[in-house]
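Sharing a structure below in structure tokens format, with a few things to ask.
The values are calculated or read from the model by the stated rules, or taken from the named source; none is laboratory data. The structure displayed is predicted, hence computed values, not measured ones. Cβ sites come from the backbone with ideal geometry, for glycine too, and all protein chains shown count toward neighbours. Note: areas computed on protein heavy atoms with side chains; ligands, DNA, RNA excluded. Shrake-Rupley method; radii C 1.70, N 1.55, O 1.52, S 1.80 Å.
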Amino acid sequence: MAEWEQLRSLLEAGDFRGIASLLRDLTEAERKALAGPLTEFARKEQGSLPFNHLSGLSLAGAGVLPSPSALARWIVRHRLYTAYIPGLPPLFELTLDLLRARGVPWLGDLARRLTVRLRDDTALVQLILGLVAISGIDLPVTDALVEGWAEVNSHIAPAALRPEWDPLVLRTFEVDNVGRFLHFPNGTGVRDGTGLGLSIVALTTEGRFDRDEVIDRCLAAMQRGGRPSDVRGYLNLYNALEPQLPEVVARLRDYVAVLAAAHSTVAGMAQRELFRADDAGQLEIGMFLDASRAAFLRSEKKLVQALMDRLRVVLARQPGAVDDALRTLAAVFDHQATDLQKRALDLAVAHAPAASAETRNELASAAAGLPADFRALAGKAFGAAACPTLAVAAALPAPPTRELPPPIASPAELAEEIAAHHANAAFVDPVRFERLLAGLVALSYQDRLSRTGPVVDDINWDSWLMHTLSEHTELRFANFVAGTPRRATVKARYPDIETFAGERGWQQKLSQSYGLKPYSASDRPGILMLRLHEISIGLVHAPRPLLLATPTSSTGLLDPDVLLDRLTNAATEEWEPWRHDLIQALLRLPTDCDPSLASRARRLGTAAGDRLAQWLAEDPDDRVTALLPTLCRGRSGGFGIAREFRTCWPAVLPAHRDMVAKHLLPELTYTEEARGGGRLLIALAEADGPVTEEMLDALAYGLSARHQDERAAAVDALLVLAARSQLDGAALGRRIGHLTATSRQMTLARVGQCLQDLARSGAAAQTWDLVAAALPRLISPSVERPPHGLADLIGLGVELAELLHPTGDIPHLADLAARRGSSRTVTEARRLIAGLQGVP
Amino acid sequence: MSGQVPVAGDLHGLELSGGMVAQTRPGDGGRFLPGEVAAARPADLAGAPVAQPTHRVSVNSSKHSYRYLRPSDIRDGVLGLQTSGGTALRRPAANPLFFTGFIRHAGVVAAGLCSVAKVAATRYFRPVPGGLRDPVVTCSGDRLRFESFSGCGGVYSRLDVLSDALDGEVHDLGTTNVDVGEPLRRMLARVGGRDPLRLTVGPDELIVSTLDGVAVETKVDLPQRWLKGFAEVQVITAGFEPRAEVPVAEATRFLRSLSSAQRARGASWVVPSGRSLRLSSRAVPGAVCLAGPQRLDGLLPLLPHAKALRVYGPAVTPTSMPCASAWELQLAGTRLVVVLSPELNRGFSGEGAVLDFIAGDQVARDAELLGALLAFEPRVELDLLGERSGLSPDRVRSAVVGLGLSGQVGYDLAEAAYFHRVLPYDGGLAEQCNPRLRDARALVRAGAVTVDGDCARVRGHHIRFTANGPSCSCRWWAEYRGSRGKCKHVLAAELVVGVR
């Protein structure tokens, strides 16, 4: 056992070289004797080894384990990690040496077994390749081995590419995620002759690989697609092969297939090669038209444009094909870019006289979807067309209404809701959260009251609450509450929590999290946090039968009569509402309450009733502003830093969305990171209150958000506003124009896409107002460089002008249209002027 | 409709030697496997590699062998699709021959086949290298249906080659595996729209007479979850309705506009907007869920050939969870439909649509009865089945769902009808092998269920039975709110109280 002790200390010391030399010259019997202790050690004491010593077990196993099956499992489990030690060879080399020295006959078997288990581990790949070389077995060519092999050898020189690896080379074109390793190390331009891709090219030139086969496989890989980086690898290799014209001509169909589906860079290559064949007179028109059909709806304008230019040349050469050509060309009438539509139209008009009547009819019907001015041209050339189908929805979609679910009725349902609250932690849904709070307070009260009913005894209210509130934030809510629950009654006064052990510490932590140091008594966290904290303490020390502030609408509004009922209830049962609950209830009242409510509230004769009456007497804006100093502390406009609760803020001030927007604007502005801002915009659109400049800005930034789904949410929000007749398109347009001109965070191109969706979804009139109001600022002579996406925005204006026939003049538009040249912006400006003057 | 292809009504006029239908259909509920594959099984298992892959592999996994007489290819203008295993009415062929003749719109059919093959050869979620399953072809007399299911279990794709595109002779009806590997894919990519092309599904006489033995043999894993998912798609899609139909130009614009960042993210919603589609952040009524739009990439090459893109989905409300969706291209003489699971990381197997239907043994018995009455009809007429079986319409409906779960019917959204086929896999489709159901039975046996009126308790979880269905306080229910099938607690409670 001396040997085992020695091995053990070497393992613990991580001395890989020592392990290797110790095990190198043992007899099989000695190895066998060590196998038991080693597996025992790994099972029981593996955890005591430092992380970078762990793979010593693999090495030791290679020295002692008796069978390939056991060793394969063992090595895969303990991996072949090597901590960097100068002069130490990689662990796979030590392992390979050791195995070679053992002279066992099953190294080939081991290699095969390891290959089956291989997952993304380059050291293991090296070991397998070494074992294959020693044992002389055929390479087990699996996808994982191909991928690992390519990764390990991505910088290889041609001479080092061993002949027995040829099957792996051929498979690199068929396995996903491998193309990236064909990248040329120094970019495409510099060719120092090394790198997997260049080595394959060099050996193909030498004749080791069949050139036709490599080109075929390259094209097949590009057809298959995949991630851009992979496809680029194949493209680089293809370009480096410099295919000759006959080779291209032999594969024309392959290029058509690439053109239909592949990434733009690859599609560009396919088009280039097809043109090359055409230049040599080797491309039949049928094939050319197939290629065109495949590519005409691609969004890459250059590609489409070049194809159309080529089509013109081809038609000049082969006028007999005019019918087929024009029918194919008609697909471009559906392209989203109006300049391409126009080019296609011009080309078709020029050749229409030579086409058959049937073709002209087809062109006429295809042209029905074109804008009015183009349609007029088409009508002259192809004959009358059917009326265009309306591209936009006629009516605004009614905003989805959400019924408030009935209150939680049983502890079992409450348990469900709490589980759901924890499960969907990314964003808190205010409707469900308020329902949960209401259920928690009411059921906890009933549960304490009667121990006889259907009591759920395994619900520990306090710990539940704590988890509910604290799991979302690091603020450790109320961790002292669960200590000694008391049998408090409904009449118990709310305790002076400042005296509580731990309370001060909690508040300190909270204020620190808010960035306020040092803590002072006047620092108050936002109302939402205060109310939650209040509930957590109140449940134990001053239970109440219900919450006052539970909303009566899905936006968070509270019906004043319902609040009065709740206060009446409190007065009758002689309990005093919790302070922040009352404040929240007041904040949720609509701005226009029945005047008689105040007197009814005062008649209750309670402090809470008087507070309500006083609240109703005050000015709706002033009374909220007066409360705001306690609301607006801290980073996030005082609304608390628990990001998942952000979606609850519109429901905190449901009748004052302007104030919420004002306080949350800083968050919504950071469009690059503002995840979930879109939900807030929808909530704001559904809430009540004036639409102020801050809210317009928030919407504008939403339309320009980086993420597509956030932009989609901004469009949803605008549609809600429009359906409620609260969307002033002109006002929003002015803000968009202003922000685009002044803020670097606005990307007009993104906004344009959203506006198109908005217009098509039934808000065409509002979108026109928006575009018309945004343009003057963007096209004014003071703007040096027109923003990217301006032409599309004007183009959208043209589309809408055709639909709506608006009147009026857009400042600076005439100046823009009068500019020289035929840039898209200028062309679209001219079309818009024509459209505004009613000239088709 | 070409003259030589029998229409659906002619199905039984097809020249099948007398009585074959009954004879080739064994009594075990109509599931049938040719002798060769079935007999080879024990040997397969014995010869399988001893080593298991290191990642966690379901123990419920079986091996499946593909034995093709030669690789599928295109030679001298003939697209020869090779077949292996499965069921054929006329003879229990190891390599059945279904169709020989011309196909019209060859370019479209070839591109469609490529698309179906691509789905079969892809794992869209967590790509792991490894063997993948070949597509399945069903010959129903008047049409050929090619079906495939992705390695990740979240994408189903089917190409229906209708009678308009076929002109030839139907030799047999049935379902079989079809070899569509990378070499064939490369040949298919070269087929142009105007090329005349002959199609043979199955080995022609020449191959049978000149070759002896199997030239291509591969073994793949058939994980239980993959099989279940494949079978479950039809049950889920049967609840879909058409939600939008957009012109191809708009469809192209929309599909290509989905940014790569969007592709990596979770589910979003798609709503009709004018003539086009747009993304929306919430499930307004009429919206369709779209998760992992890169899974629709197979549609892109076919878009220039298409007439329109039609989108199907279940009915949704603003509080709906992500759900499955179907995307269908109308092509010349063919249709291509791609069905996506609710989220990129969700396979169809875990969707639990099964669980609503396995309540009684009666469903399984009825399904067995109906299965024996079917003979690869392109449309399963429920009325007719009811008449022949003597079952009530309700029982027929649930029995057909039961057949779907065992892979014996598929659902055709375009025709809103089931069609008969028998997935050519052995034994693995048993709908009873559901872990949730197994766990539920164990809970019942352990006496863990206590029922109290409309409530029940199972191991600390609360189950409620309401008018809107059951619900539970466990994590699974909290996360999916019943949109992914019932949890084991609800199932256990239902087993005790009987389904409401």
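Filtering the stretch B:283-300 down to residues that are under 22 Å from the mean Cα position of the chain (by Cα) and in a loop (DSSP other than H, G, I, E, B), which residue is nearest to the other protein chains (Cβ to nearest Cβ)? Give the derivation first.
Initially, the stretch B:283-300 is screened for residues under 22 Å from the mean Cα position of the chain (by Cα), giving B:288-300.
This time we only want the ones that are in a loop (DSSP other than H, G, I, E, B), so: B:291-292.
On the way: B:Ala291: 11, B:Gly292: 13 Å.
Only one residue tops the list, namely B:Ala291.
Among the numbered conditions (1) modelled with pLDDT under 85; (2) small (Gly, Ala, Ser); (3) within 27 Å of A:Leu436 (Cβ to Cβ), tell me where B:Ala430 comes up short.
(3)
Working carefully through the options A:Gln223, A:Gln271, find the one that is more than 14 Å from chain B (Cβ to nearest Cβ), at negative phi and of a type outside the set (Val, Ile, Thr). Full working, then the answer.
Values: A:Gln223 fails: more than 14 Å from chain B (Cβ to nearest Cβ).
Of the residues listed, the single one that is more than 14 Å from chain B (Cβ to nearest Cβ), at negative phi and of a type outside the set (Val, Ile, Thr) is A:Gln271.
Kindly list the number of the only condition in (1) at positive phi; (2) in contact (Cβ under 8 Å) with a residue 40 or more places away in the chain that fails for B:Ser406.
(1)
Something else: Collect the residues in the stretch A:273-302 that are under 16 Å from A:Val231 (Cβ atoms) and surrounded by fewer than 21 Cβ atoms within 10 Å (Cβ to Cβ), keeping them in residue-number order.
Within the stretch A:273-302, just A:Glu300 meets the criteria.
Have a look at A:Thr827, A:Thr807, A:Thr767 and point out the one that is open to solvent by 20 Å² or more (accessible area, probe 1.4 Å), under 30 Å from B:Ala251 (Cα atoms) and of a type in the set (Ser, Thr, Tyr). Quick ask: steps written out before the conclusion?
Numbers: A:Thr807 fails: under 30 Å from B:Ala251 (Cα atoms); A:Thr767 fails: open to solvent by 20 Å² or more (accessible area, probe 1.4 Å).
When all the criteria are applied, what remains is A:Thr827.
Restricting to the stretch A:16-46, give me the number of residues that are at pLDDT 90 or above and among the acidic types (Asp, Glu).
Residues flagged as at pLDDT 90 or above and among the acidic types (Asp, Glu) within the stretch A:16-46 amount to 2.
Which of the residues spanning the stretch A:405-417 are open to solvent by less than 70 Å² (accessible area, probe 1.4 Å) and more than 8 Å from chain B (Cβ to nearest Cβ)? Please lay out each step first, then the result.
Within the stretch A:405-417, the first condition is being open to solvent by less than 70 Å² (accessible area, probe 1.4 Å), and the residues that meet it are A:405, A:408, A:410-417.
Within the stretch A:405-417, A:Pro405, A:Ile408, A:Leu414, A:Glu417 meet the criteria.
Spot the failing condition for B:Gly30; the list is (1) under 30 Å from B:Arg225 (Cβ atoms); (2) at pLDDT below 50; (3) open to solvent by 20 Å² or more (accessible area, probe 1.4 Å), and only one is missed.
The failed condition is (3).
If only one of A:Glu362, A:Glu358 is over 28 Å from A:Leu800 (Cα atoms), acidic (Asp, Glu), open to solvent by 50 Å² or more (accessible area, probe 1.4 Å) and without any contact (Cβ under 8 Å) to a residue 40 or more places away in the chain, which one is it? Working first, answer last.
On the way: A:Glu362 fails: over 28 Å from A:Leu800 (Cα atoms).
Residue meeting the stated conditions: A:Glu358.
Ok, one more. Give A:Ala291, A:Ala344 a once-over and let me know the one that is within 14 Å of another protein chain (Cβ to nearest Cβ) and more than 34 Å from the chain's Cα centre (by Cα). Please lay out each step first, then the result.
Details: A:Ala291 fails: more than 34 Å from the chain's Cα centre (by Cα).
Sole residue among the options that is within 14 Å of another protein chain (Cβ to nearest Cβ) and more than 34 Å from the chain's Cα centre (by Cα): A:Ala344.
Take B:Arg278 and tell me if it is open to solvent by 10 Å² or more (accessible area, probe 1.4 Å), at pLDDT 90 or above and either part of a helix (DSSP H, G or I) or farther than 27 Å from B:Asp412 by Cβ (or both).
On the way: open to solvent by 10 Å² or more (accessible area, probe 1.4 Å): yes; at pLDDT 90 or above: yes; either part of a helix (DSSP H, G or I) or farther than 27 Å from B:Asp412 by Cβ (or both): yes.
In short, yes.
So A:Phe427 fits all but one of (1) more than 25 Å from A:Ala829 (Cα to Cα); (2) open to solvent by 30 Å² or more (accessible area, probe 1.4 Å); (3) part of a helix (DSSP H, G or I); what number is the exception?
A:Phe427 satisfies all of (1) more than 25 Å from A:Ala829 (Cα to Cα); (2) open to solvent by 30 Å² or more (accessible area, probe 1.4 Å); (3) part of a helix (DSSP H, G or I) except (3).
Right, something else. Given the condition open to solvent by 60 Å² or more (accessible area, probe 1.4 Å) and part of a strand (DSSP E or B), answer yes or no: does some residue in the stretch B:429-451 qualify?
Yes, there is a match, as at least one residue in the stretch B:429-451 is open to solvent by 60 Å² or more (accessible area, probe 1.4 Å) and part of a strand (DSSP E or B).
Moving on. Being at pLDDT below 90, touching a Lys or Arg at 6+ places or on another chain (Cβ under 9 Å), surrounded by fewer than 16 Cβ atoms within 10 Å (Cβ to Cβ) and more than 30 Å from B:Asp297 (Cα to Cα) is true for just one of B:Leu373, B:Leu382, B:Leu355. Which residue is that?
Details: B:Leu382 fails: surrounded by fewer than 16 Cβ atoms within 10 Å (Cβ to Cβ); B:Leu355 fails: surrounded by fewer than 16 Cβ atoms within 10 Å (Cβ to Cβ).
Testing whether each residue is at pLDDT below 90, touching a Lys or Arg at 6+ places or on another chain (Cβ under 9 Å), surrounded by fewer than 16 Cβ atoms within 10 Å (Cβ to Cβ) and more than 30 Å from B:Asp297 (Cα to Cα) leaves just B:Leu373.
Continuing with the same structure: Looking at the stretch A:102-182, what helices (runs of 4 or more DSSP H) fall wholly within it and have at least 3 residues that are away from chain B (no Cβ under 14 Å) and open to solvent by 20 Å² or more (accessible area, probe 1.4 Å)?
Working: elements: A:107-117, A:122-135, A:143-152, A:166-171.
Helices (runs of 4 or more DSSP H) meeting the threshold: A:122-135.
Scanning for something more than 13 Å from chain A (Cβ to nearest Cβ) and either in contact (Cβ under 8 Å) with a residue 24 or more places away in the chain or under 16 Å from the mean Cα position of the chain (by Cα) (or both), does the stretch B:301-308 turn up at least one residue?
Taking the stretch B:301-308 and keeping what is more than 13 Å from chain A (Cβ to nearest Cβ), we get none.
Checking the stretch B:301-308: not a single residue is more than 13 Å from chain A (Cβ to nearest Cβ) and either in contact (Cβ under 8 Å) with a residue 24 or more places away in the chain or under 16 Å from the mean Cα position of the chain (by Cα) (or both).
Hey, among B:Arg459, B:Arg421, which residue is modelled with pLDDT of 90 or more and basic (Lys, Arg)?
B:Arg421
Can you name every one of the helices (runs of 4 or more DSSP H) wholly within the stretch A:212-271 that holds 1 or more residues which are at pLDDT 95 or above and surrounded by fewer than 19 Cβ atoms within 10 Å (Cβ to Cβ)? Even if it seems obvious, please write down each step before you answer.
On the way: elements: A:228-241, A:245-249, A:252-261.
Counting at least 1 such residues, we get A:245-249.
Considering the stretch B:301-338 alone, what residues qualify as being touching a Pro at 6+ places or on another chain (Cβ under 6 Å) and either β-branched (Val, Ile, Thr) or not in a strand (DSSP E or B) (or both)?
B:Pro318, B:Pro322, B:Cys323, B:Ala324
Read through the list (1) touching a Ser or Thr at 6+ places or on another chain (Cβ under 9 Å); (2) at pLDDT 90 or above; (3) not in a strand (DSSP E or B), then give the number of the only condition that B:Phe146 fails.
Result: B:Phe146 passes all but (3).
Right, here's the next one. Here are the criteria: (1) away from chain A (no Cβ under 13 Å); (2) buried (at least 22 other Cβ atoms within 10 Å of the Cβ); (3) closer than 21 Å to B:Glu232 by Cα; (4) of a type outside the set (D, E, K, R). Tell me which single one B:Leu329 does not satisfy.
(3)
Follow-up question, since we're still on this one. Provide a single number: the residues in the stretch A:574-624 that are in a helix (DSSP H, G or I), open to solvent by 40 Å² or more (accessible area, probe 1.4 Å) and in contact (Cβ under 8 Å) with a residue 24 or more places away in the chain.
At the first step, the residues of the stretch A:574-624 found to be in a helix (DSSP H, G or I) are A:579-587, A:596-603, A:607-617, A:620-624.
Going one step further and asking which of them are open to solvent by 40 Å² or more (accessible area, probe 1.4 Å), we end up with A:579, A:596, A:599-600, A:602-603, A:607, A:610-611, A:614, A:617, A:621-622.
Next cut, in contact (Cβ under 8 Å) with a residue 24 or more places away in the chain only: A:579, A:600, A:607, A:611, A:621.
Result for the stretch A:574-624: 5.
Would you check which residues across the stretch B:470-500 are outside any helix (DSSP H, G or I), within 14 Å of chain A (Cβ to nearest Cβ) and open to solvent by less than 20 Å² (accessible area, probe 1.4 Å) and list them?
B:Ser471, B:Cys472, B:Ser473, B:Cys474, B:Cys487
Do the conditions hold for A:Gly762, that is, is it within 14 Å of chain B (Cβ to nearest Cβ), closer than 21 Å to A:Ala683 by Cα, surrounded by fewer than 23 Cβ atoms within 10 Å (Cβ to Cβ) and not basic (Lys, Arg)? Before you say what the answer is, go through the steps one by one.
On the way: within 14 Å of chain B (Cβ to nearest Cβ): yes; closer than 21 Å to A:Ala683 by Cα: yes; surrounded by fewer than 23 Cβ atoms within 10 Å (Cβ to Cβ): yes; not basic (Lys, Arg): yes.
It is true that A:Gly762 is within 14 Å of chain B (Cβ to nearest Cβ), closer than 21 Å to A:Ala683 by Cα, surrounded by fewer than 23 Cβ atoms within 10 Å (Cβ to Cβ) and not basic (Lys, Arg).
Looking only at the stretch A:1-10, how many residues end up being closer than 10 Å to A:Leu59 by Cβ and modelled with pLDDT under 90? Working first, answer last.
Our first condition is that a residue be closer than 10 Å to A:Leu59 by Cβ; within the stretch A:1-10, this holds for A:10.
Remaining after also requiring modelled with pLDDT under 90: none.
So the answer is 0.
Out of curiosity, is A:Arg711 closer than 29 Å to B:Ala267 by Cβ and within 14 Å of chain B (Cβ to nearest Cβ)? Full working, then the answer.
Details: closer than 29 Å to B:Ala267 by Cβ: yes; within 14 Å of chain B (Cβ to nearest Cβ): yes.
Yes: the conditions hold for A:Arg711.
Report the residue count in the stretch A:72-98 for those that are of a type outside the set (Val, Ile, Thr), within 11 Å of chain B (Cβ to nearest Cβ) and in contact (Cβ under 8 Å) with a residue 24 or more places away in the chain. Walk me through it before giving the result.
If we filter the stretch A:72-98 for residues that are of a type outside the set (Val, Ile, Thr), which is where we start, we get A:72-74, A:77-81, A:83-84, A:86-94, A:96-98.
Next cut, within 11 Å of chain B (Cβ to nearest Cβ) only: A:72-73, A:77, A:79.
From the residues that got through so far, the ones that are in contact (Cβ under 8 Å) with a residue 24 or more places away in the chain too are A:72-73, A:79.
The total comes to 3.
Which of the residues spanning the stretch B:332-352 are more than 27 Å from B:Thr252 (Cα to Cα) and open to solvent by less than 10 Å² (accessible area, probe 1.4 Å)? Walk me through how you get there before you give the answer.
So in the stretch B:332-352, the residues more than 27 Å from B:Thr252 (Cα to Cα) come out as B:349-352.
Hit for the stretch B:332-352 is B:Gly352, nothing else.
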